[in-house]
Each structure stands twice: as C-alpha cells, then as structure tokens.
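K.L.:
After the structure tokens below, expect a handful of questions from me.
The values are calculated or read from the model by the stated rules, or taken from the named source; none is laboratory data. Please read these numbers as outputs of a predicted model, since none were measured by experiment. FYI the Cβ positions are ideal-geometry reconstructions off the backbone, even for glycines, and counts take in every protein chain you see.
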Amino acid sequence: MPQQRALQFNCHDCRLFGILHVPDEPWTRGVLVVTGGPQYRVGSHRQFVLLARHLAEQGIPVMRFDYRGMGDSEGEMRGFEDIQDDLEAAVGEFFNAMPQLKELVLWGLCDGATAAAFHAANDPRITGLVMANPWVRTAHGEARSTLRHYYLQRILDREFWRKLARGGFSLSRALGSFGQLTVAAARPTAQVESLPERLYHALQRFRGQILIILSGADLGAREFMGLPRQHKHWCALLSLPRVRQASIANANHTFSRQVWRDEVADICARWIRSW
C-alpha cells in the first residue's frame, strides 16, 4: 500500500510544503505535479490527490506541492511565469527525499503545463512532460476559438433561437460582441504570438518524451488545437515520434467528472511506463 509523507523545504527565504506518495516498490522515474494557478496541491475536484494515488499504486512515486504564495506555502502569490525557482526547489527536494530516483516527469495543468515546459528544457533530470490543456492564451487565439466553437454551437442550438423569439436574448449585444471577436481574430499582432512561440521553443529544446492531454469541451484546449492548423512549425513539432496527444471527449478544463479523471490517470500511467 503506497504511503503519503509530508514534506517541508525552502525556496529562497520561504517555506514550501508538499506531499510525497511512495509506492511499496517505487520506480526510478517519478512524477512532480505542477499546479495551474490559482490552485494548490489538492487540485480541482481533488484531481491531483487522486492522480497521485493512482500512479503510486502503479509503482510510480509522485510529489505534489504548493509553490510560494499558494496553499500552505509562504510568500507572495505569483503567476506561472515566476515559479521556476519553486520548481527547482521542488525537484531537488524530490530527489533528496527519494535517492533512488533517476529521472522525473513534470505533470502540469493549464498554465502549470506551460510553466513545466519552460522549466524542463533546462534540467537534464526531467525526461518527460505531461501537459493537460496547456495555456497558450492570446487575444487573437481566444477570439478565433470562441468564434469557431462557441458561436457556431450557439447558432446550431434550438434553445438559442427560442430565446431570441421570446425576446429573452439581446441580439444587439450579441452582435456587438461578435463584431469585436471578428476584429480580434482577423488582426493578430506580433505580441499576440509571444506565448505560443515561447512554448514552441521550450518544447523544441526539450529532448524528452511529451504527452499532451486535451479536453474536448475546453476553449483553452481548442486554442492549442488551432496552433498546428495555423503554423507549420507547430504541426512539425507535434508530429514528432516523441510527442503523443490524447483527447478526452466532452471533458471540461479541469476534468470535473470521475470518468474523465480516471481516463486521464489511466492514460498517464500507461504512458509513463511505456518508455
């Protein structure tokens, strides 16, 4: 039966706290969970707890933790761009707590996935990345995804037309919003592409294995799905043998239903043990 141990370690002058899941016969490849903000180590719907227990039952050691300013950890709250020192401290603590470890997989959700990718290329101990609904939000990308998926779905929805006929829907407001999105979708700027391009270069530099899990009913995931359609270099990257993609049909951003969480956990366990 896997054990759980509390951890306390430092990042600069702040105390950080985490939980270590130790299997009876642990693998030498572990998983460090990188939360998407603002969240703490339990995760939405207890997803990170349940994921860690599932992986530990498969012999995979797992550590989940709160970076500075989140959960029980000290310090000021910070965004995903500013947690690289926290990740470095957590990776070091994981190896100190389990000396038999040889390598790590970083598992991240949303902007935690993007932060994990930024970190992975700079640490040879990281040999794998799991990115669940990675954050690539731009005004241009958000507008395209909303127009392509949300508005199209609304137009095809009978209830939308019933509300319109009953006067329970502001057509002028909807048209105004639609017009603003159309302008944003048609006029990308150089700055808009910065986050997707930075993520692309981070994944290109990283030489390990990559698993990307996308929710079928999440606009953020749809925005990521649009990258290879718009950019040949993204298409080439995602076609590499070391990159695998999986989609959870109808799942929302945080995989709120048990069946979705179980599917994510099963996919991750099989993938981690496959290489």
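For (1) more than 15 Å from the chain's Cα centre (by Cα); (2) among the hydroxyl-bearing types (Ser, Thr, Tyr); (3) more than 27 Å from ALA269 (Cβ to Cβ); (4) exposed (fewer than 15 other Cβ atoms within 10 Å of the Cβ), each residue gets a yes or a no:
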residue: ARG64; (1), (2), (3), (4): no, no, no, no
residue: GLY75; (1), (2), (3), (4): yes, no, yes, no
residue: GLU88; (1), (2), (3), (4): yes, no, no, yes
residue: VAL91; (1), (2), (3), (4): yes, no, no, no
residue: GLN100; (1), (2), (3), (4): yes, no, no, yes
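K.L.:
State whether the residues of the stretch 233-241 include one that is assigned by TED's automatic domain parsing to the domain that holds LEU55, touching a helix residue (DSSP H, G or I) at 6+ places or on another chain (Cβ under 8 Å) and modelled with pLDDT under 95.
P.N.:
For the stretch 233-241, residues assigned by TED's automatic domain parsing to the domain that holds LEU55, touching a helix residue (DSSP H, G or I) at 6+ places or on another chain (Cβ under 8 Å) and modelled with pLDDT under 95: absent.
K.L.:
For residues that are over 14 Å from the mean Cα position of the chain (by Cα) and not in a helix (DSSP H, G or I), scanning just the stretch 252-274, find the one that is nearest to ASN133 (Cα to Cα).
P.N.:
SER256
K.L.:
Listed residues GLY30, GLY112; which is surrounded by 18 or more Cβ atoms within 10 Å (Cβ to Cβ), of a type in the set (Gly, Ala, Ser) and under 17 Å from MET131 (Cβ atoms)?
P.N.:
Result of the check over GLY30, GLY112: GLY112.
K.L.:
Next question, about the same structure. Would you please list the contacts, defined by Cβ atoms under 6 Å and residues six or more apart or on different chains, that run from a residue in the stretch 107-131 that is closer than 14 Å to ARG29 by Cβ to a residue that is among the polar types (S, T, N, Q)?
P.N.:
GLY128/GLN209
K.L.:
Just to confirm my filter: which helices (runs of 4 or more DSSP H) fall fully inside the stretch 208-250 and include at least 1 residues that are in contact (Cβ under 8 Å) with a residue 40 or more places away in the chain?
P.N.:
It comes to 219-225, 227-230.
K.L.:
With the checklist (1) within 24 Å of THR127 (Cα to Cα); (2) among the charged types (D, E, K, R); (3) touching a helix residue (DSSP H, G or I) at 6+ places or on another chain (Cβ under 8 Å); (4) in contact (Cβ under 8 Å) with a residue 40 or more places away in the chain in hand, flag the one item ARG68 doesn't pass.
P.N.:
(1)
K.L.:
So which residues in the stretch 201-229 are within 23 Å of THR254 (Cβ to Cβ) and among the basic types (Lys, Arg)?
P.N.:
ARG222
K.L.:
Could you give every pair whose Cβ atoms fall below 7 Å, whose first residue belongs to the stretch 1-14 and is in contact (Cβ under 8 Å) with a residue 40 or more places away in the chain, and whose second residue is of a type outside the set (D, E, K, R) and in a loop (DSSP other than H, G, I, E, B), counting only separations of at least 6 or pairs across chains?
P.N.:
So the pair list comes out as PRO2/PRO23; CYS14/SER73; CYS14/GLY75.
K.L.:
Out of the residues in the stretch 112-135 that are touching a strand residue (DSSP E or B) at 6+ places or on another chain (Cβ under 9 Å) and small (Gly, Ala, Ser), which is nearest to ALA251 (Cα to Cα)?
P.N.:
Here the residue is ALA132.
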